[in-house]
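As structure tokens, the structure follows; a few thoughts come after it.
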Amino acid sequence: MRTLETYDALIKYFSNIIHSVQTLSIGLKLTLKHLWEARTARDPLGIADEDYFIKDKGIATLQYPKESLPIPNHGRYKLHNEIEDCIVCDLCAKVCPVNCIEIEPIRATDIIGKTSDGTNKRIHAAKFDIDMSKCCFCGLCTTVCPTECLTMTKSYDFSTFDCADHVYEFAEMTPLQILEAKQAFEEKQRTKSTSLVKSMKPSGDKVVFKPKMFKPKLPKKKDD
Amino acid sequence: MHTFLFYLPFLLFFVLAAVYGERKISAFIQSRFGPMDVGPKGIFQTLADLLKMIQKEDIIPKSADKPIFLLGPILVFTAIFAGFSTLPLNANLAGAAVESGVLLLMAVVSLDVLGILMAGWGSNNKFSLYGAIRAIAQIVSFEIPLGLSVLCVVMICQSMDLQEITREQGLYATDPIFLFGLKVMNVEVTQMGGLLSWNIVKNPFLLFSFLIFFIAGLAEANRAPFDLPESESELVGGYHTEYSGFRWGIFMLAEYGAMLLISFLAVILFFGGWNTPFINIGSFQLANWTMGRYWEVFWLLSKTLILVFVQMWIRWTYPRLRVDQLMTLSWKYLTPFGLLLVFLCGLWKLTML
């Protein structure tokens, strides 16, 4: 019995040597193959390119700032708001799961303009800030946007040295314009409370979306 | 003298080139580009790194044992560099005139254990000490198979002088050389020179001896897959965790120096040293044409650099061994086979040559 065990141990000893020589040579061959194939490098081709699967050998990485993979036009990266088309409905800020959109609306006394799809603009945007460092790129804000003014763009490399630079401001009102808009609104409120004149006549324009006419409330934070 | 005039500048230049080479080889093996920005294809990357390194502050930890901490890296590099003194460069430049050159080399290189222990102990840091203890256990264990494989060559060549060992492996041999060392076949190849008179061809057992030597050499130089003393993932940086700037650079220099020294020694002991690999065939006196003062230096360096490449290739292929696997490899596999090879080489010398 004892001799049999020593015999087994001997077999194991030598099979260990044979096994390690075999596996080690496989490893060396594999790395040498890669070393040899590194003569060629992949081109920066997108998945949509029909040659994408042709070059599957060689260096797989790209020298990023010098060359980069093409991004499709519907890439979903940095947010962009076309403020001309924005009706300041605050839906995006409400739906945002990480509260990265901050809006300060001022009610206008009358229709202040039209968006490109014909909706009346009745609210001034005193502030429309998107903090891209908070953004989780879920895209919910773009789906709720009634006028499709809030979109995700293909620009993905917007790193900055200061975190504060990640707050993108889309509102175009000057402080003076904001002040005037506020005063006009207060004036209107005062005259409305004294006289019983109806504040708004229904306009004959075709309304694609009718924004709610009260001041939007930001969701309360738990810390407050 | 040529140790200082040739090997020291060569070593410094080699480290610059080898760090770049290693980064490129590792990158290509992993299908990456490697350094690309500094200079064309990034060839000045190491130079830039070196400039950054020597500008760094020389930090000495407050609780470190100062004299030991400061002396450690210097001793490591001195020990490795002293090993170069016995190396021949060509047929006329023989290195230090020591009869027992191999023995001296092995003894002096073993001293770097002392430097590593000083660095690890003096740092007063548990990671450094772990690294140093691992390094000592590893180098002391692998010294034995390394010594045994060198002993095989010494027995075959009947000399411990590296220049003498090299000379017997080529055209300038004083003893007749037979094909594969088989006297019975009576095919003398002394005048053919080249590949056929290299030790590894002269005695086929030395091929296995070389494998043992190379594996043990990797472990001696603390190279992957035996880089346990400095395993980054477990020990931060091993025995040089606390070192910064130029002192850390000296460790790096010593590591690449050890790599180079092991390769030089392997080439001299097994691959004919400065002898040409080409053979005289009839009127094509290839061996004679490719032997000369500069050719010999070229052959020695090119063979060495090929072995250095193999070391890098191995490093980027294999994962690191565990401590117990390392000890098993040394004591259960390499040492018994080393002893067996010494015995076989002795028999071979007595019966065949």
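Please treat every number below as a calculation from the coordinates, not as lab data. Note that the structure is a prediction, hence the values are computed from the model and not measured. Cβ placement follows ideal geometry from the backbone for every residue including glycine, while neighbour counts extend to all protein chains displayed.
Side notes on the structure shown:
- In this label model, A:Thr61 and A:Asn99 are separated by 4.0 nm, measuring between points 7 Å along each Cα→Cβ vector.
- Normalising the average separation of contacting C-alpha pairs (under 8 angstrom, six or more residues apart) by the number of residues puts the relative contact order of chain B at 22 percent.
- For region B:312-353, backbone nitrogen atoms closer than 15 Å to the point 7 Å from A:Phe14 Cα along Cα-to-C-beta are found at B:337.
- Dipole magnitude (debye, nearest 20) for chain A, charges at Cβ of Lys, Arg, Asp, Glu: 860 debye
- Over every Cα atom in chain A, the radius of gyration and the widest Cα-Cα span, Dmax, amount to 31.6, 114 Å.
- As a size descriptor, the averaged projected area of the C-alpha convex hull of region B:2-351 was calculated at 18.7 nm².
- Residue by residue, region B:205-217 carries 3J(HN,Hα) couplings of 4, 5, 4, 5, 4, 5, 4, 4, 4, 5, 5, 5, x Hz when phi is fed to the Karplus relation 6.51 cos²θ - 1.76 cosθ + 1.60 (θ = phi - 60°); x denotes Gly or Pro.
- Over 30 Å between alpha carbons, listed pairs B:Lys303/B:Lys349; B:Lys126/B:Lys303; A:Lys154/B:Lys24; A:Lys12/B:Lys24; B:Lys52/B:Lys303; A:Lys55/A:Lys154: B:Lys126/B:Lys303; A:Lys154/B:Lys24; A:Lys12/B:Lys24; B:Lys52/B:Lys303
- Note: relative contact order over region A:79-194, using C-alpha pairs below 8 Å and six or more positions apart, is 33 percent.
- Unit Cα scatterers, Debye sum, region B:194-248: log10 I(q)/I(0) for q = 0.29 Å⁻¹: -1.05
- For chain B, B:Cys157 stand unpaired, since no other cysteine beta carbon lies under 4.7 Å from theirs.
- Sites B:Phe246 and B:Ile306 - FRET efficiency at Förster radius 45 Å, r taken between beta-carbons, to 0.05: 0.90
- In chain A, the longest principal axis of the Cα atoms and the axis of helix A:2-37 are about 50 degrees apart.
- In the protein assembly as shown, taking the dipole from charged Cβ atoms about the Cα centre, the farthest positive-side position among B:Ala132, A:Pro105, B:Ala97 is held by A:Pro105.
- Shape parameters for the protein assembly as shown, alpha-carbon atoms, Rg then Dmax in Å: 37.0, 129
- Computed E for A:Thr109/A:Glu169 - FRET, C-beta separation, R0 22 angstrom, nearest 0.05: 0.35
- Model label points for A:Ile26 and B:Leu5, set 7 angstrom from Cα along the Cα-to-Cβ axis, are 5.3 nm apart.
- Cα long-axis angle, helix B:245-270 against chain B (0 to 90 degrees, to the nearest 10): 10 degrees
- Loop sites in region B:26-121: trypsin sites (Lys or Arg not before Pro), DSSP, at most 10 other Cβ within 10 Å: B:Lys62
- Selection from B:Gly249, B:Trp313, B:Thr276, by position along the positive dipole direction of region B:220-353 (Cβ): B:Thr276
- Shape descriptor for region B:1-103: Rg over Rh equals 1.08 (Cα atoms; Rh from the Kirkwood inverse mean 1/r).
- 0 to 90° range, to nearest 10: angle between helix B:45-55 axis and chain B longest Cα axis: 50 degrees
- In summary, the convex hull built on the alpha carbon positions of region A:79-194 has an orientation-averaged projected area of 8.2 nm².
- Label point 7 Å beyond Cα of B:Tyr294 along Cβ direction - residues of region B:260-277 with amide nitrogen under 13 Å: none
- Taking other C-beta atoms within 10 angstrom as a stand-in for reagent exposure, A:Glu104, B:Glu234, B:Glu220 fall in the order B:Glu234, A:Glu104, B:Glu220, fewest first.
- Under a model in which nothing but the beta-carbon of Lys, Arg (+1) and Asp, Glu (-1) is charged, the protein assembly as shown shows a dipole of about 1580 debye around its Cα centre.
- Using a Förster distance of 25 Å, the FRET efficiency for B:Met185-B:Leu211 (Cβ separation, nearest 0.05): 0.50
- For region A:3-122: relative contact order, % (alpha-carbon pairs under 8 angstrom, 6 or more apart): 15 percent
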